[in-house]
Amino acid sequence: MILRIELPHVGESVTEAEIGEWLKSTGDKIEKYEPIVEIVTDKVSMELPAPATGVITKIISEEGETVPMGAIIAEMETSEISEIDTTEPPDVPASNRIGTLIQGANVGPTGGEFLDTSMASNTPEIQSKETKGFVSKGNEARYSPLVVRLASKHGLDLNAINGTGDGGRVTKNDVLAAIDSGENSKVSVTSVDSMTLGDEVIKPTAVRRMIADRMVRSTSEIPHAWSAIEVDVSGLVTWRTANKEPFEKEHGVPLTYLPIALFAVSGALKLNPYINSSWVDGKIVLKSSINVGVAVATDDGLVVPVIKNAEGASIPDLACQLDQMIDRARNSKMTLEDASGGTFTLNNTGVLGSILGGAIINHPQAAILTTEAIVKRPVVLTKKGEDSVEIRSMMNLCLSFDHRIIDGAEASRFLQGVKNQLESIDESFNLWG
């Protein structure tokens, strides 16, 4: 019997998704729960498992096509069931299994004011080394990945096709009609501005395209402003060194700088509510909960698990939560709950050696903070009116903020709050909770 495979609903706010990559082809035999397709939304990228054992008989939605949740994307032949089996696979619910999570803009080390928008959503992508389709630089039309793929395959110039879609947008049917007519001119990919013979052209993954869209949306909708201060964390470094072993022995997780920074940040957010807010329909929404997303680098890309209700939690509690979240993120076992509800983002670029940066805000949040590398350097200290030079462990805090909501004074108060908390830690400080 024929079973129709639907695009699953993964959350109330998610209404559509892009077909990223088909992992199986028509005619392939598949086992129940075996991944068959990657789907990408503005929140998650996940592998959709097969609802039954059988054979793929028809692929309805092509790679790069955007379809609504609940839409039928494929059909399969199976003798097991007469309708889609909604039972959960072992260990992790199918609808919650996340391969790579994308929440808002790319808040990794590539974020910043020197944003390269060459792969932005309003720039038609070049698909592969064999791409022959041509789109002129400066064309403001936005083509779907499916349209670009079809044009590329047949060497069609999208600029020469009259679109029949909304606002003159070129649709799949327009491209198919041009293919049938044979009138569209063919050009080489080397004709595209900035391309030269021998250049390597790489097709962006669905996740990378989603990151590009999020980055462009954040920078186009949010007026970014930046502020940075330096923090003397010499006492913190001494305290952590002295407590690493007993902490891990007692709590079963390593004592890194990240939960300590999260502790300081959540406390400062509680005292500065405008930093923990969003701009919605011309109004400022102050968030009732402090849910801090923590940017984590994985083999599959950047993920942002969210620590819920971080305010008031002790450093051991935060360390345990972070350890579990990071483990799930790096083993592709995050759930939708792990990734939702963030009100602020903490980005630890210091672990990558960065000393100063301006991250892109995680839309629709109001701010993002980066903790930079701890570096020993000579610092002038003034004690009892006398200046002296000492070697101190210094770290920069860099805040990107939405200037519609936050002014420099509010940003500075928040940064000073984080700074004061971190600088108050010394070898005698008790943060065990």
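The values are calculated or read from the model by the stated rules, or taken from the named source; none is laboratory data. Computed from a predicted structure; not experimentally measured. Every residue, glycine among them, receives a Cβ derived from its backbone with ideal geometry; neighbour counts consider all protein chains shown.
Tabulated results
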| quantity | calculated |
| --- | --- |
| Residue check, Ile326 at pLDDT below 95, under 17 Å from Ile260 (Cα atoms) and under 19 Å from the mean Cα position of the chain (by Cα) | yes |
| Spans of strands (runs of 3 or more DSSP E) in segment 1-76 with at least 3 residues of a type in the set (Val, Ile, Thr) | 35-40, 54-59 |
| Restricting segment 384-430 to residues that are among the acidic types (Asp, Glu) and part of a strand (DSSP E or B), the residue that is nearest to Trp279 (Cα to Cα) | Asp402 |
| Among (1) more than 25 Å from Val285 (Cα to Cα); (2) surrounded by 14 or more Cβ atoms within 10 Å (Cβ to Cβ) - the single one Arg377 does not satisfy | (2) |
| Near pairs, Cβ below 6 angstrom, 6+ apart or cross-chain, from segment 326-347 (of a type in the set (Gly, Ala, Ser)) to any residue that is buried (at least 18 other Cβ atoms within 10 Å of the Cβ) and in a loop (DSSP other than H, G, I, E, B) | Ala329/Pro305; Ser332/Gly99; Ala339/Gln103; Gly341/Asn291; Gly342/Asn291 |
| Test result for Pro259, assigned to a loop (DSSP other than H, G, I, E, B) and closer than 21 Å to Lys333 by Cβ | no |
| Qualifying residue in segment 290-307 (condition: modelled with pLDDT of 95 or more, surrounded by fewer than 16 Cβ atoms within 10 Å (Cβ to Cβ) and assigned by TED's automatic domain parsing to the domain that holds Ala339) | no |
| Total residues in segment 230-242, condition of a type in the set (D, E, K, R) and assigned to a helix (DSSP H, G or I) | 1 |
| Pair list, Cβ < 8 Å and 6+ apart or interchain, from segment 265-290 residues that are more than 15 Å from Gly341 (Cα to Cα) and part of a strand (DSSP E or B) to residues that are hydroxyl-bearing (Ser, Thr, Tyr) and modelled with pLDDT of 95 or more | Ile284/Tyr274; Ile284/Ser277; Ile284/Ser278 |
| Index of the failed condition, Glu245 passing every other in (1) of a type outside the set (Lys, Arg); (2) surrounded by 14 or more Cβ atoms within 10 Å (Cβ to Cβ); (3) part of a helix (DSSP H, G or I) | (2) |
| Residue list for segment 214-229, filter: assigned to a helix (DSSP H, G or I) and either without any contact (Cβ under 8 Å) to a residue 24 or more places away in the chain or surrounded by 19 or more Cβ atoms within 10 Å (Cβ to Cβ) (or both) | Arg214, Met215, Val216, Ser218, Thr219, Ser220 |
| Ser234 of a type in the set (Ser, Thr, Tyr) and within 14 Å of the chain's Cα centre (by Cα) | no |
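Conditions tested, residue by residue: (1) within 19 Å of Ile222 (Cβ to Cβ); (2) under 21 Å from the mean Cα position of the chain (by Cα); (3) not basic (Lys, Arg).
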{"site": "Ser332", "(1), (2), (3)": "no, yes, yes"}
{"site": "Thr343", "(1), (2), (3)": "yes, yes, yes"}
{"site": "Leu346", "(1), (2), (3)": "yes, yes, yes"}
{"site": "Ala366", "(1), (2), (3)": "yes, yes, yes"}
{"site": "Glu386", "(1), (2), (3)": "no, no, yes"}
